[in-house]
1. I'd like to know which of ILE400, ILE248, HIS55 lies farthest towards the positive end of the charge dipole of the chain, counting +1 on Cβ of Lys and Arg and -1 on Cβ of Asp and Glu.
2. Please list MET157, MET305 from largest to smallest accessible area, probe radius 1.4 Å, with all protein chains kept in place.
3. For a Förster distance of 45 Å, can you work out the FRET efficiency between the beta-carbons of THR458 and ASP301, rounded to the nearest 0.05?
4. Take TRP89, TRP357 and sort them by solvent-accessible surface of the protein heavy atoms, 1.4 Å probe, largest at the top.
5. Work out Dmax and Rg for region 368-475 from the C-alpha atoms and quote the Rg first, both in angstrom.
6. Report the gain in length on full extension from LYS392 to GLN346: 0.36 nm times residue separation, minus Cα-Cα distance, nm rounded to one decimal.
7. Which one, VAL147, ASN120, PRO296, projects farthest toward the positive side of the charge dipole computed for the chain from Cβ point charges (K/R +1, D/E -1)?
8. Please give the per residue accessible area of the chain, computed with a probe of 1.4 Å over protein heavy atoms only, in Å².
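The values are calculated or read from the model by the stated rules, or taken from the named source; none is laboratory data. Note that the structure is predicted; figures quoted are calculated from it, not measured. Here the Cβ positions follow ideal geometry from the backbone for every residue, glycine too, while neighbour counts run over all protein chains shown. Accessible surface is based on the protein model in full, side chains and every heavy atom, while ligands, DNA and RNA are left aside. Shrake-Rupley method; radii C 1.70, N 1.55, O 1.52, S 1.80 Å.
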Amino acid sequence: SALGVAEGKICFPENFLFGVATAAYQVEGAWNVSGKGESIWDSYTHNHSERIFDHKTGDVAADSYHLFREDVRLMVELGVQFYRFSISWPRILPNGLINNINEDGIRYYHELMDELIRNNIQPMVTMYHWDLPQYLQELGGWTNPIVSDYFVDYARMLFQNYGSKVSAWLTFNEPLTFCRGGYTGLEAPGRLESSGIEDYLCGHNVLRAHGMVYRMYQKEFQAKLSTSVGITLDFLWRAPASRSADDIIAAETARQFSIGWFAHPIFSKTGDYPPIMRKRIDSISKIQGFSRSRLPYFTPDEIEMIRGSADFLGMNHYTTFLVSKNRKKISPKPSYAADMGGILSQKSSWPVANSTWLKIVPWGFRLSLNWIKREYDNPLVIITENGVSLEKGLVDTRRIEYIKEYLKSMHAAITKDNCNVYGYTYWSLIDNFEWTRGYSERFGLYEVDFDSPKKTRTPRLSSEYYARISRTKCL
Ligand code: PNW
């Protein structure tokens, strides 16, 4: 068959899409060039270099702002069908507001998209991959509801300028990660010890912003543009640590607190936060002496606005965690971890990558896809990130193994379980600035020499392997 295993080969449908991804702050550099404003990652890396593993910044990164034609050439070499990249909000609107437009920023993304389209590579654009304009952070960032309105202004100008060139839009990349990370202090804006309050405000305003953009798009653009709008959520599989009922329940609760937090309001039939999240946070807030829940409530109109506000679900998947029930007494101090009530761990026998959190567990991929299928009535899914970090070096046979095993797991989900997956994106095209882990973790199909003035890109073995897959659609 065209699908299953033909002549001993594992093949994907002919119209299945393969792509690669990057994000603006991680590759572009040119942090203060030609009118770009400051983002929270600029100010965070400049003011808190002690919080970055190698004390480095994304000031120059892989210099893709200047070298994007070279990046596109690599993608031609790979034969990929699309490129997922993000637009830097402050490169286009220096302080995030619509009254001050940076023409050079507009021009840059036009040139990148034109170069892609000339080479038959479809642009897939993330509107927000964590680099909030610093000015908006000073207003409170995502904890301030007005930022959702400013995000709608920004999104409208993206549709106006690039609408005819972009095949698919993602409003946000991984709200779970940036709302959690930003408010435990590990990632920008680096608000220490704010978990249990500010992370929920962030999530709330991000969900509102996403829904508002989708409705604005439907009203003002859908008739004119042949594009689609979705959101990228990270779903690292949560498996019970034991066969005990407690751990099975704890794992399901952890899923609802991770993917469910953002997927339930958008993709479920009923909308709104997952009932278990609502129940746990409401009751723990009460025990802690709060007079209202730390998880904000949507109005009935907001629930309706957000419900069904996506044409597809973008899913990032890298690894798996085990969950056991947290038996500690509730402390007075608010925290997402306590609200969730599970303790996450990983098996020491699982093969490691070069990131502390990334263990190689291919079977979790199939289970994640099946969970989404069951929970949200088999929505259209595109894998917007999957990949592995390894040491520097061009002979990356372990990366080839990782890609092969994860693709096999995804293939089973598609062919055996009927999960509705239409594309896969490898993270990343090139080595890049890995947030708090600096340049120490390398995910690229191409190695970048960050010490060379030209940021030389060199193909790894895995690039040839991936090129064969993207061309033949077979492993
Ligand atoms: C992704 N975790 O985030 C991001 O979208 C990318 O920008 C990043 O470069 C990539 O992972 C590789 O690190 C993560 O739960 C999401 O540990 C979740 C986790 C880690 C990274």
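1. Of the listed residues, the answer is ILE248.
2. Numbers: MET157 15, MET305 40 Å².
Most to least solvent-accessible, the answer reads MET305, MET157.
3. The calculated FRET efficiency here is 0.25.
4. Working: TRP89 0, TRP357 60 Å².
Ranked list, largest accessible area first: TRP357, TRP89.
5. 15.7, 50
6. Values: separation 46, 0.36 × 46 = 16.56 nm, distance 2.44 nm.
Length gained, LYS392 through GLN346: 14.1 nm.
7. Positive-end residue among those listed: PRO296.
8. Values: 18150 Å² over 475 residues.
With all protein chains present, the chain gives 38 Å² per residue.
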